[in-house]
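The values are calculated or read from the model by the stated rules, or taken from the named source; none is laboratory data. Every value quoted in this text rests on a predicted model; they were computed, and no experiment measured them. Glycine gets a Cβ as well: all are built from the backbone with ideal geometry, and neighbour counts include every protein chain shown.
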Amino acid sequence: MAKVLIPTPLRQYVEKRDSVELTGGTVAEVLGALTSQFPDLRKQIFNDEGKLRSFVNVYLNDEDIRYLKKDATPVASGDTLSIVPSIAGGAVDVAPSPAVAIPPTSLSSDEILRYSRHLIMPEVGMEGQLKLKNAKILLVGTGGLGAPLGLYLSAAGIGRIGLVDFDVVDFTNLQRQVIHGTKDVGRKKLDSAADRMLDINPNVRIDRYEVALDSSNALDILEPYDLVIDGTDNFPTRYLVNDACVILKKPNVYGSIFRFEGQASVFAYPGGPCYRCLYPEPPPPGLVPSCAEGGVLGILPGIIGLVQATEAVKLILGAGEPLVGRLLLYDALAMKFRELKLRRNPECPVCGDHPTITELIDYQQFCGVTVQEPAPPAGTKEGEIDPVDVKAKMERGDNFVLLDVREPHEYLICNIPFAKLIPLGDLPKRVNELDSAVEIVAHCKSGARSAKACDFLRQAGFRKVKNMKGGIIAWSDKVDPRVPKY
Ligand code: ZN
């Protein structure tokens with residue numbers, strides 16, 4: 001028997017299990033057994049030709065099967081197969097640079113006191129602290145990952161820190177973005193983060209970039225820095241940061257988070273792999289939910305962000321073994337760190353031997369996010385769905401929950417067999433029974449109560465919510481006349 005570890009985004013296709021024990025003599029046989037037991041998983045991890053999709057990697061123990069004998073790799077009893085999909089895990093107003101400063105060669109007496117616990121460590125010492133003071137780090141995003149990074153990197157005495165963010169602090173950010181306080185709600189994240197960092201350490205110079213990083217500004221913004229830390233929450237920016245770092249030959253300290261799981265690595269380090277070596281292409285939009293859709297344990301970005309901060313400080317000091325060629329996986333529920341080997345792919349389109357991407361491209365288009373959702377059919381408002389379309393979704397086998405928000409006695413009169421019953425009044429205390437990553441179609445008798453349910457769910461952070469227009473009455477009229485009207 002071999003064990004297949006299932007990552008959180010794919011557990012919805014395997015009855016919410018985190019691992020499945022299967023028999024099979026090769027990787028292909030085990031994956032075949034897995035997808036015949038769970039057919040819905042098949043289209044998530046294989047393409048139409050039956051090949052593994054490019055945003056899904058499979059590891060046998062700690063080895064990427066792409067570098068072994070592929071599918072024919074034998075699997076022994078007790079082996080572990082891991083399916084590791086990519087996870088998302090946040091006008092150029094470039095801060096004016098003062099005249100080029102001469103790198104400091106000494107610390108003030110204030111700084112000597114402040115950094116004394118570093119100075120007495122032989123691995124840091126005066127030489128190391130001066131390296132930190134002369135270091136320039138760009139932090140892309142001041143959200144979940146950026147918050148602990150900003151706090152600790154300024155405390156550690158990094159001389160110059162660039163911050164890229166154009167968002168404002170939202171009340172729902174406070175659960176994890178500990179650099180911002182309740183009083184900062186509504187302020188620019190850049191200002192809120194910079195104030196807190198300067199309060200911790202006024203010796204840090206902070207450059208503020210209130211922009212969305214894109215191909216027109218990324219190279220200019222990244223250029224002055226020694227290394228870049230990727231604290232973003234979306235695929236277009238991740239690929240952009242990766243490619244820009246490879247082109248500019250700057251290390252990219254990567255981290256990503258989803259629910260209880262995180263990943264970290266160091267990409268674009270000389271000789272090491274890049275993000276595209278790991279994931280040549282992003283998942284199709286909508287397949288892997290973002291943190292806004294799927295949620296994230298508030299503590300998780302603290303852990304992953306500080307792994308990134310540690311790697312950044314080590315790279316500057318030249319100390320220890322950097323996380324290059326290794327993908328660190330963290331599972332908070334199991335409280336386990338695992339490590340997978342990564343190799344530079346000589347065929348990689350950016351960092352390979354014959355790169356085809358030598359300048360920045362359109363990352364929105366590359367990640368497919370500019371594709372517009374089809375407009376709702378005539379007569380249906382935004383956020384509504386016609387009963388006929390709900391029936392079609394059922395017949396196609398779409399993954400969604402039909403939520404009936406009527407009272408139990410109404411359910412006894414008539415119901416749609418597929419529906420899950422949670423009366424409107426019970427919804428707040430039973431909302432945890434619903435998975436925000438899965439689409440929800442709510443219905444009631446005629447559509448009014450389910451519209452309230454949809455409003456409630458959207459406020460609670462559910463993004464994929466639709467109201468079935470006309471309720472079960474319209475279902476009876478348009479889809480199934482056997483359903484009695486009342
Ligand atoms: Zn690469």
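Given (1) at pLDDT 90 or above; (2) surrounded by fewer than 13 Cβ atoms within 10 Å (Cβ to Cβ), identify the lone condition not met by Arg114.
With (1) at pLDDT 90 or above; (2) surrounded by fewer than 13 Cβ atoms within 10 Å (Cβ to Cβ) applied to Arg114, the lone miss is (2).
Residue-wise test of (1) over 26 Å from the mean Cα position of the chain (by Cα); (2) under 25 Å from Pro236 (Cα atoms).
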position: Gly25; (1), (2): yes, no
position: Leu31; (1), (2): no, no
position: Gln37; (1), (2): yes, no
position: Asp40; (1), (2): no, no
position: Lys43; (1), (2): no, yes
position: Asn47; (1), (2): no, yes
position: Lys51; (1), (2): no, yes
position: Ile65; (1), (2): no, no
position: Pro74; (1), (2): yes, no
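Does region 301-331 hold any residues that are outside any helix (DSSP H, G or I) and either surrounded by 16 or more Cβ atoms within 10 Å (Cβ to Cβ) or among the polar types (S, T, N, Q) (or both), and which are they?
Narrowing region 301-331 to residues outside any helix (DSSP H, G or I): 318-331.
Selection gives Pro322, Leu323, Val324, Gly325, Arg326, Leu327, Leu328, Leu329, Tyr330, Asp331.
As an exercise: evaluate Cys444 against (1) in contact with a strand residue (DSSP E or B) (Cβ under 9 Å, 6 or more places away or on another chain); (2) under 24 Å from Arg259 (Cα atoms) and give the number of the one condition it does not meet.
Result: Cys444 passes all but (2).
Restricting region 222-263 to residues that are touching a Lys or Arg at 6+ places or on another chain (Cβ under 7 Å) and over 15 Å from Ser86 (Cβ atoms), which is farthest from the ligand (Cβ to nearest atom)?
Among residues in region 222-263 that are touching a Lys or Arg at 6+ places or on another chain (Cβ under 7 Å) and over 15 Å from Ser86 (Cβ atoms), the one farthest from the ligand (Cβ to nearest atom) is Pro224.
Restricting to region 399-420, and then to whatever is among the β-branched types (Val, Ile, Thr) and in contact with a helix residue (DSSP H, G or I) (Cβ under 8 Å, 6 or more places away or on another chain), can you tell me which residue is farthest from Ser450 (Cα to Cα)? Steps first, answer last, please.
From region 399-420, those among the β-branched types (Val, Ile, Thr) are 401, 405, 413, 416; that's our starting set.
Those still in the list that are in contact with a helix residue (DSSP H, G or I) (Cβ under 8 Å, 6 or more places away or on another chain) too: 405, 416.
Details: Val405: 6, Ile416: 15 Å.
Out of the qualifying residues, it is Ile416.
Under the condition of being of a type in the set (Ser, Thr, Tyr) and in contact with a strand residue (DSSP E or B) (Cβ under 6 Å, 6 or more places away or on another chain), which residue from region 199-238 is modelled with the lowest pLDDT?
Ranking the qualifying residues of region 199-238, first place goes to Thr232.
Working only within region 125-150, note down all residues that are surrounded by fewer than 22 Cβ atoms within 10 Å (Cβ to Cβ) and within 28 Å of the chain's Cα centre (by Cα).
Selection gives Lys136 alone.
Contact list please: Cβ distance under 7 Å, first residue in region 341-358 and more than 12 Å from Cys277 (Cβ to Cβ), second residue within 6 Å of the ligand (Cβ to nearest atom), pairs at least six apart or on different chains.
Ile357/Val350
Does region 264-289 hold any residues that are small (Gly, Ala, Ser) and within 13 Å of the ligand (Cβ to nearest atom), and which are they?
Just the residues of region 264-289 that are small (Gly, Ala, Ser), to begin with: 264-265, 268, 271-272, 286.
Matches in region 264-289: Ser265, Ala268, Gly271, Gly272.
If I go through region 112-131 residue by residue, how many of them are assigned to a helix (DSSP H, G or I), among the charged types (D, E, K, R) and touching a helix residue (DSSP H, G or I) at 6+ places or on another chain (Cβ under 8 Å)?
Taking region 112-131 as the starting set, the residues that turn out to be assigned to a helix (DSSP H, G or I) are 112-114, 116-119, 125-131.
With among the charged types (D, E, K, R) added as a condition, the list becomes 114, 117, 127, 131.
Narrowing the set further to residues that are touching a helix residue (DSSP H, G or I) at 6+ places or on another chain (Cβ under 8 Å) leaves 131.
Adding up the residues that qualify gives 1.
Looking at region 108-130, I want the residues that are assigned by TED's automatic domain parsing to the domain that holds Leu153 and have a partner that is among the β-branched types (Val, Ile, Thr) with Cβ atoms under 6 Å, at least 6 apart or on another chain. Which pairs are those?
Qualifying pairs under 6 Å: His118/Val124.
Starting from region 272-285, keep only residues that are over 19 Å from Glu63 (Cβ atoms), then list their pairs with residues that are assigned to a helix (DSSP H, G or I) and among the hydroxyl-bearing types (Ser, Thr, Tyr) whose Cβ atoms are within a distance under 8 Å, requiring at least 6 positions of separation or different chains.
So the pair list comes out as Tyr275/Tyr239; Arg276/Tyr239; Pro282/Tyr239.
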